[in-house]
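What follows is one structure encoded as structure tokens, with my remarks underneath.
The numbers here are math on the coordinates, done by the rules we state, and not lab data. All figures in this text were calculated on a predicted structure; none of them were measured in a lab. Note: ideal-geometry Cβ built from the backbone for every residue, glycine included; neighbour counts use all protein chains shown.
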Amino acid sequence: MLSGLVIVDKPQGWTSHDVVGRMRRIAGTRKVGHAGTLDPMATGVLVVGINKATRLLTYIVGTSKTYTATIRLGESTVTDDAEGEVVATASAAAVTEADIRAGIASLTGEIQQVPSSVSAIKVNGERAYARVRSGEDVQLAARAVTIHRFDVHGIRPDRGGAVVDVDVTVECSSGTYIRALARDLGSSLGVGGHLTALRRTHVGPYSLDQARTLEQLADDLEVLDISQAARALMPNRELTADETTEISFGRRIAAGAPAGSAQAATAERPAAAFAPDGSLVALLADTGNFAKPVLVFAPGTGGTATSEQAG
């Protein structure tokens, strides 16, 4: 059975769910999922899991992401991006490069971010964007995110300076909203702002260089083998033949590192364990003097998760 990751270059105008539907037809299987939603306006890296590799997706969702984007200063929209109606304008002609860089510096590092009100975050069981569309005034709580890098590549005044487009690269923690960064930068400068372009270039270890369009994948389905995918994603542990047998039956083996140490694998950050032939056997967590399987992929077990499956 085909199992692995597909790195899709998501087209503009498609939802992540649209991509999953298309990949189900291309791969000929219903068991397809994605790691980390991209808005319809956005393009770029969308990691898709097929069959057994869908079990890796939960560990990919929490990885850092990198984007290239364009922020337009001088206009605010209801959605904080170009998909929404412009609700306020203010000339950005007086905004200097120094102002922009200072505003960006204040949005770098660990910050508290209020997600866009039209995000997919659930409020009392209903998506925030659905509540906004029904006319409700939605106020979401701020949450901690980390902006590892926020670089400016170009500043382009337009319409006589009434608006200013700022080209940036953002590397950030999972859960960061780039359009909220655009909104907050514009707000801090007193002119408003929104996102006009967004392209995701990295999700964890997977990059745009590996990505293929849906048209390319329909012609030639390029799948990153589940073992290769796990090697790139998490710490590795090479097993002996005896350890492989024990883990294949869901039994514990000696710990790879002392529990509580920086090197120890955990249920949230497991180690990928490989048989002598290089195939992925399981994901392991170190507990005391032993390593226990979090997920077992080995043949003969049906790929069944143990009772200690994370997530």
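Normalised Debye scattering of segment 1-71 at q = 0.14, 0.23 Å⁻¹ gives log10 I(q)/I(0) of -0.41, -1.01, counting only Cα atoms as equal scatterers and leaving out solvent. As an exercise, use a Förster radius of 45 Å and the Cβ-Cβ distance of PHE249 and SER187 to find the FRET efficiency, rounded to the nearest 0.05. My answer for the efficiency is 0.20. For LYS292, a cut-off of 20 angstrom between C-alpha atoms picks up these aspartates and glutamates, skipping any fewer than 8 places away in its own chain: GLU238, ASP242, GLU243, GLU246, GLU268, GLU308. Among rounded, prolate and oblate, which fits segment 227-292 when a ≥ b ≥ c are the square roots of the eigenvalues of its C-alpha gyration tensor, a/c under 1.5 means rounded, and a/b larger than b/c means prolate? Judged from the Cα gyration tensor, segment 227-292 comes out oblate (a/c at least 1.5, b/c at or above a/b).
When each of the peptides 213-219, 225-231 is scored by how many other beta carbons lie within 10 Å of its residues on average, the order from highest to lowest is 225-231, 213-219. 3J(HN,Hα) couplings calculated from phi for segment 107-112 with the Karplus curve 6.51 cos²θ - 1.76 cosθ + 1.60 (θ = phi - 60°) are, in sequence order, 9, 10, x, 7, 9, 9 Hz; Gly and Pro show x. A dipole drawn for the chain from +1 and -1 charges on Cβ atoms has a positive end, and of PHE249, THR201, GLY278 the residue lying farthest that way is PHE249. Taking amide H positions as modeled 1.01 Å from N, with prolines and chain starts lacking one, the residues under 5 Å from ALA88 and 5 or more places away or on another chain are SER76.
Label sites at THR240 and SER64, each approximated as a point 7 angstrom past Cα along Cα to Cβ, lie 3.7 nm apart.
For the chain, the longest principal axis of the C-alpha atoms and the axis of helix 16-27 are separated by about 40°. Derived from the Cα gyration tensor, the three semi-axes of the equivalent ellipsoid of the chain are 41, 21, 18 Å, largest first. With R₀ set to 25 Å, the beta-carbon distance separating ALA144 from ALA232 gives a calculated FRET efficiency near 0.40. Each distinct pair of alpha carbons in segment 176-228 adds a 1/r term; the inverse of their mean, the Kirkwood radius, is 14.1 Å. Between helix 178-188 and the chain there is an angle of about 30 degrees, using the helix long axis and the longest principal axis of the Cα atoms. Rounded to whole numbers, the Karplus 3J(HN,Hα) couplings from phi for segment 223-239 are 10, 7, 3, 4, 5, 5, 4, 5, 4, 6, 8, 9, x, 9, 9, 8, 9 Hz, using 6.51 cos²θ - 1.76 cosθ + 1.60 with θ = phi - 60°, and x at Gly and Pro.
For the chain, the 222 nm mean residue ellipticity estimated from helices alone, with every DSSP H stretch of n ≥ 4 adding -39500 (n - 2.57) and the total spread over all residues, rounds to -6000 deg cm²/dmol. Spin-label model, HIS153 to ARG212: label points 7 Å out along the Cα-to-beta-carbon direction sit 2.5 nm apart.
Which of the aspartates and glutamates could a cross-linker bridge to LYS52, judged by Cα under 13 Å and excluding same-chain residues fewer than eight apart? Filter leaves ASP225.
Summary of packing: across the peptides 43-54, 140-151, the per-residue average of other C-beta atoms within 10 Å ranks them, highest first, as 43-54, 140-151. On the basis of the beta-carbon distance and an R0 of 41 Å, THR15 and THR96 show a calculated FRET efficiency of 0.60.
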